[in-house]
Amino acid sequence: MRGSGISRPFGEVARSRNAKLGVTGALFCDGAYFVQLLEGPAEAVEAVFASIQADPHHTDIRVVERGPAETRWFASWHMAMVTEAQVARMRRTNPDLPALQPYRTAELVATLTEVLAPHWLPPRK
């Protein structure tokens, strides 16, 4: 989906809605595209996704992967927001950080969790 960035009001609205529904996840924006990972009860995730699809601001929406997961990657975030600048800073200190691959879920999750972990995510058990 093309876009110009993540606005603070959007983030607050998304976090509030997701908290009410029990949805967690992460949103990455590189200045041109958004990549979003949603996790939670299937019905709640589908409700959030339906609202995304219905919003005329969102175009060229593609589902890369859908299905149940054994654990939540972003359990402490109703919507973690990651920017290209955050990824670039992390890459300077960790050159082994996986390349951001929006259409490859495992690499995307690895990159986003690596960027978020030092500052915001609790240790994974």
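The values are calculated or read from the model by the stated rules, or taken from the named source; none is laboratory data. Please read all numbers here as calculations on a predicted model, not as lab measurements. Heads up, the Cβs are rebuilt from the backbone with ideal geometry, glycines too, and the neighbour counts pull from every protein chain shown.
Note on segment 40-73: among residues that are of a type in the set (S, T, N, Q) and assigned to a loop (DSSP other than H, G, I, E, B), the one that is nearest to Thr113 (Cα to Cα) is Thr71. Which one of these is modelled with pLDDT under 80 and at positive phi: Gly40, Gly5, Gly11, Gly25? From the options Gly40, Gly5, Gly11, Gly25, the qualifying one is Gly5. Among the residues of segment 74-86, those identified as under 25 Å from Phe49 (Cα atoms) and not in a loop (DSSP other than H, G, I, E, B) are Ala80, Met81, Val82, Thr83, Glu84. One residue stands out in segment 92-124 among those that are of a type in the set (Lys, Arg) and modelled with pLDDT under 80: the one that is surrounded by the most Cβ atoms within 10 Å (Cβ to Cβ), namely Arg104. Across segment 87-104, the number of residues qualifying as within 27 Å of Ala42 (Cα to Cα) and not in a loop (DSSP other than H, G, I, E, B) comes to 0.
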